[in-house]
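Everything on this sheet refers to the single structure shown next.
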Amino acid sequence: MDIWYLLNILMLACFVGYFSIKEVTPALHSPLMSVSNAISGIVILGALITLKSDFGVVDTLCSYLACFFAAVNIFGGFAVSQRMLEMFKTGKRK
Amino acid sequence: MINFFVNTSYLIASTCMILAIKMLATPQTARRGNLVGIMGMFWAIVAALVSLKLDNYWLPIAVILSGAVVGVFMALRVQITALPQMIAILNGLGGLAAVFIAISEVLSKSQNDVSNIMSLIIGGITFSGSIIAFGKLNFPRWSKSISFAHQNLVNLLLSLVVLGFAFGYVLQDHVEAFYALALMAMVMGILLILPVGGADIPVIIAFLNACSGWAGVCVGLSLQSPVLIVIGTIVGTGGSFLAYTMTRALNRSLLNILIGGMAAPNSAKNADEPKIANVGSPADAAFLMENAGKIIIVPGFGMAAAHAQHALKNMADVLRNKYQVDVKFAIHPVAGRMPGHMNVLLAEANVDYGDVFELDDINGEFQDTDVAYVIGANDITNPQAKTNPNSPIYGMPILDVAKAKTVFFVKRSLGTGYSNVENPLFFASNTFMLYGDAAHITEEIVKYLEA
């Protein structure tokens, strides 16, 4: 894919990110960060793609390590977000 | 056919994850948002596995599952007060994953060298920086700003060497240069975060969060994967936005925070007029609170350190139910050790989030407040930020607790805050200091209130 094509995607995603995150209430900034952690675990796709090529032990090992750490991020991030969000009970008074 | 399935799944996955962030906007939808995010991630992983067309799926699945076990175990075991440490670790692992992907890419001779080098450098800085941030959060002794002579010069030289090596790698294609680059990036990360002081950590946590996202973007550029670019960018802009909000709440720049510490405060303390702070007792506090119409509680890092949130919730309940007092919580954006830290702790203690207010929403209310109960916070209430242009914290938005009729400060001692700036509020005639452990003092007050 043309690099300019990818950079255009990047630019558009910047705006999507900015406008969606601006809306997040400050009270939820901690869960926002842990959800971000979880979804940044999407690099696991990169790790899996590099699995396909096999150029020696170091290459494979690196791919699997990346896979493992990204998985920790994904599951840890989502689980801890869920745990935090469970604590925010819906407001009764307001 | 498989291609169609994989690409559609990626599209669905990025949609789900954008929706997940969007649904975090309010607590009502946030939990569902998290589930939508999980669904999106599940699709993405399944699609990626399918696209590999491997003969044997056991190993990758086993690796992912073992990561899952470790992650979920960490998430369920971590203490709510240790959440900032957990976030720091997760930021770091995101960076580390990017580093390993970059190395694997280099070994398999991919073409996109520049973005790959970028993901190596950013990933390395994120990893080592997060480890230092974790240390600063976990071990109080590390939390002071640590710096040495000519640190900025060393940093500058190191960045130049890193740039040199990066170009050298592009030109020469030495794998060894690439490993050296990874090591140097990690040293850079360490040097970058060491000078940061404890109270600036919220900015750094958000900054490293952003870095882990940008590292993902670089991986995406080098692998030409739009999903990685989109999601990485969203994490990157999110972290950057949070870091920016935090720096604004401190009235400082990111550069200033990374260089470290505060400008040395003008030590010309008026030694000629010894100041005396009023010392109150829990009984006094309880008496004034019983007869108050409106109380605002201002929590800071001290509340987290003393695990005082449950006692506070208890106090607020007794005041409301027994004495019909209007009790509210006021939260400064940089209170605590990560963005939203105080909100999570109060939520843990079952404080209704409708009772918790942000700086701009509540600051006008202090003037008709009878009692402000400041628990483990200092700089974020210091009027010098408004009145003294020479103060290092001048210009930082503060909570106007000084306008309340009576102010109680719960502190361990009459020390200056992190910024080392004296708080004139301690010596005001309507301020009373309650010395001691935040949780213990609050429990004492509850005892008097219930009596």
* **Scope the range B:236-245; condition touching a residue at least 40 places away in the same chain (Cβ under 8 Å) and facing another protein chain (nearest Cβ under 7 Å); matching residues** => B:G238, B:L242
* In this structure, is B:P27 modelled with pLDDT under 90 and under 23 Å from the mean Cα position of the chain (by Cα)? -> yes
* **Residue that is more than 8 Å from chain A (Cβ to nearest Cβ) and open to solvent by less than 30 Å² (accessible area, probe 1.4 Å), where the choices are B:A47, B:A20** => B:A47
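The values are calculated or read from the model by the stated rules, or taken from the named source; none is laboratory data. Please read these numbers as outputs of a predicted model, since none were measured by experiment. All Cβ positions, even for glycine, are placed from backbone atoms using ideal geometry, and neighbour counts span all protein chains on display. Keep in mind that these areas ignore ligands, DNA and RNA; they rest on the heavy atoms of the full protein, side chains included. Shrake-Rupley method; radii C 1.70, N 1.55, O 1.52, S 1.80 Å.
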